[in-house]
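The values are calculated or read from the model by the stated rules, or taken from the named source; none is laboratory data. Remember, it's a predicted structure, so these values are computed and weren't measured experimentally. Counting neighbours? That spans all protein chains shown, and the Cβs are built from the backbone with ideal geometry, glycine included. Calculation scope for accessible area: heavy atoms of the full protein, side chains included, ligands and nucleic acids excluded. Shrake-Rupley method; radii C 1.70, N 1.55, O 1.52, S 1.80 Å.
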Amino acid sequence: MPATTGPLHTRRALVAGTATKYALLVLSIATGAFLMPFTVAHLGRAQYGLWMLVASMTTYFQLLDIGYGNGVVRHLVEADARGDSSEVNRIASTFVCVYAGIGAVALLAGTVLVWLVVPSFPRLSAAEVHTAQMVLAILALRVAVGFPMTVFGAVTNARQGFVLNNVVAIAVV
């Protein structure tokens, strides 16, 4: 049996994937805790609060995934196990299109938030409303573009590349 298959390889991949996931979590928390005072000092409390309010609004866009992330990995694993590369390509292409549609919905929702919700925030000056609108527009665009990009991570995860995905995320953090 080759070294890249079997229960021992699976166990090692699971342990390494779990370890790197926890390393990513610890690094993310530590980075956030380290950067928060720096960010507050440079933005000020009011601007930091405005940033957090706007950023938290885009967090809810992730709910639009409705479980497709797990589904794409499952279908990719099944097609990959059969050695059907055309099926893997079909599934990946289909989900890129599905996620592009979800990204378009997220962008539309972000646009509604930018033009209808943000101006109705109480006690914000015109300059703060403009800043909030710009930040929200940028974050909504990032989320919209990010949705179809998740398929590439799903392909890596389907091929048991958890460690690779986690190492890339650690490097980004």
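Quick one: which of Gly67, Gly49, Gly32, Gly17 is farther than 30 Å from Val117 by Cβ and of a type outside the set (Asp, Glu)?
Sole residue among the options that is farther than 30 Å from Val117 by Cβ and of a type outside the set (Asp, Glu): Gly17.
Report every pair of residues separated by at least 6 positions or lying on different chains whose Cβ atoms are under 9 Å apart, first residue within segment 38-59 and at negative phi, second crowded, with 16+ Cβ neighbours inside 10 Å and not in a helix (DSSP H, G or I).
Listed by first residue and then by second, the contacts come to Leu50/Leu124.
Residue-by-condition table, conditions (1) surrounded by 13 or more Cβ atoms within 10 Å (Cβ to Cβ); (2) within 21 Å of Arg159 (Cα to Cα); (3) of a type outside the set (Ser, Thr, Tyr):
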| residue | (1), (2), (3) |
| --- | --- |
| Thr39 | yes, no, no |
| Leu43 | yes, no, yes |
| Gln47 | yes, no, yes |
| Leu63 | no, no, yes |
| His75 | yes, yes, yes |
| Arg90 | yes, yes, yes |
| Tyr99 | yes, yes, no |
| Gly103 | yes, no, yes |
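Among the residues of segment 55-99, count how many are under 14 Å from the mean Cα position of the chain (by Cα) and either modelled with pLDDT of 90 or more or assigned to a helix (DSSP H, G or I) (or both).
14
Report, ordered by the first and then the second residue, all pairs with beta carbons closer than 9 Å, sequence separation of six or more or different chains, a first member in segment 11-23 that is farther than 17 Å from Ile170 by Cβ, and a second member that is at pLDDT 85 or above.
none
Being in a helix (DSSP H, G or I) and β-branched (Val, Ile, Thr) is the filter here, so list the residues in segment 156-173 that pass it.
Thr156, Val163, Val167, Val168, Ile170, Val172
Hey, Val15 hits all of (1) assigned to a helix (DSSP H, G or I); (2) open to solvent by less than 80 Å² (accessible area, probe 1.4 Å) but one; which does it fall short on?
Only one criterion in (1) assigned to a helix (DSSP H, G or I); (2) open to solvent by less than 80 Å² (accessible area, probe 1.4 Å) is unmet by Val15, namely (2).
With the requirement that a residue be touching a residue at least 60 places away in the same chain (Cβ under 8 Å) and closer than 24 Å to Tyr68 by Cβ, what does segment 86-135 give you?
Val88, Ala92
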